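Structure first, commentary second.
Just so it is clear, none of the values below were taken in a lab; they were calculated from the coordinates. Keep in mind the model is a prediction, meaning the values are calculated, not measured. All Cβ positions, glycine included, derive from the backbone under ideal geometry; neighbour counts span all protein chains shown.
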Amino acid sequence: MRLTKLFVMAVLVGAVAVIGCSDDGGTGGTAGTGGTAGTGGTAGTGGTAGTGGDGGMGGAAGTGGTAGTGGDGGMGGTAGTGGMGGTAGTGGDGGMGGTAGTGGDGGMGGTAGTGGDGGGTWVEQESGSTSFLQSVSFVDANTGTAVGAGGVILRTTDGGATWTEQNSGTTKDLWDVSFTDENNGTAVGANDPEVDEPTIVRTTDGGTTWVTQSNGVDVFVLNGVSFTDADTGTAVGSSGTILRTTDGGTTWTEQTSDTTVNLNDVSFTDENNGTAVGNAGTILRTTDGGTTWTEQTSGTANDLFGVSFTDENNGTAVGNAGTIVRTTDGGTTWTEQTGGGEALQDVSFTDENNGTAVGVSGTILRTTDGGANWVQENSGTPRGLNGVSFTDPNTGTAVGGGGTILRRTDGGGG
């Protein structure tokens, strides 16, 4: 999870990304709390910062990174070659390659529209926050955690009827979160220059307390994390970084990825089988818990920002320019599917057929047939959506700019 937040500085292969408070989410567009970004500029080669970008963690800038119409100008994007989720191009707005402010258009309120081309209802929930939310993880229909800019962590135990902010113990941007049950969860994020390590925080009591963990690597950011049980997890990040723990994060061990490309997300279905995705269409696969990682042919050169596997064979990855690629054989072959033209930030499947992808400009796509057909749904918001988590085909939550949280309980994929 990558595209889209506050005070992050990256100097990567000639590109500098600065995320500031209430600056522009697009060329000529001012994003601040409740502010509306302008018509937008061009987010690097092939990426367009669109109208109404939120000043949050938003749209990715750079080569193939799109801040898109309504895409957030904040945390989700990656600066520079080897940045966090896209490559910041010349004049690329949004994401780590542009400057974004805290909050987004319209603040917290508002109700997402009813229905859409794919039917169903997405309803905006009151998050109690204007922070840019980057990722969300639910373990059942009621219990979920969202993370984002400035170390914000929000928790619900009633399906989002109420969200409560927790003390993360960090002010660093958090990019991804993974819970395996209602108590055990880990969030990862930006580098803390005081310790020269990317941020990892851990809870074993549902977020009542969060503890910072040491990881021993000096890289810019960790973008993705996936745990399969309370002890076993993998995190990925900039410059091909892969970290592994088998003791709940008490110790983290760096693994060999054989790439320097930024890795943006990772999905494990058990302790052995996992897939990581990154810039330039990079897909890495392991069947031995990361002892060895093998590069697979994705069939695309676009940056990939999100990946979701439901078993060792069936998985989907999404990314820039509406890219969707699908495998049913563990990645031996990947097939490109037709989705939409906007950058997609995250994807969540609950079984091999039912899945939901989200992206810039409030984009939500749904499939009930393993991606043979993707149907666009009405999110009711122009803000970029960066993370999505479904616990069954009918129950899911998406998060994004300006503290946006959307909920669906009548279908919408996995």
Legend entry - Gain upon complete extension [residue 369, residue 123; 0.36 nm per residue less C-alpha separation]: 86.1 nm
Inset, instruction - Starting from the Cα coordinates of the stretch 181-245, work out the convex hull volume and express it per residue in Å³. - result: 73 Å³
Legend entry - Cα-based shape type of the stretch 369-414, given that a ≥ b ≥ c are square roots of the gyration tensor eigenvalues and the cut on a/c is 1.5: prolate
Legend entry - Exposure proxy order (Cβ contacts within 10 Å, fewest to most) of 288, 392: 288, 392
Legend entry - Over the stretch 243-332 - Rg/Rh using Cα atoms and the Kirkwood inverse-distance radius: 0.96
Legend entry - Between the stretch 168-220 and the stretch 324-366, the alpha-carbon center distance in angstrom: 27 Å
Legend entry - Other-chain or far-sequence residues with amide H under 5 Å of residue 122's (modelled H): 115
Inset, instruction - Rank-order 272-281, 352-361, 150-159 by packing density, defined as the average count of other C-beta atoms within 10 Å over each peptide's residues, highest first. - result: 352-361, 272-281, 150-159
Inset, instruction - Kindly identify the stretch 146-297 as rounded, prolate or oblate by the Cα gyration tensor criterion: order the square roots of the eigenvalues as a ≥ b ≥ c, call it rounded if a/c is under 1.5, otherwise compare a/b with b/c, prolate if a/b is larger, else oblate. - result: prolate
Inset, instruction - For the stretch 356-364, take each phi angle, set θ = phi - 60°, evaluate the Karplus expression 6.51 cos²θ - 1.76 cosθ + 1.60, and give the result in whole Hz per residue in order, putting x for glycine and proline. - result: 9, 10, 10, x, 5, 6, x, 5, 9
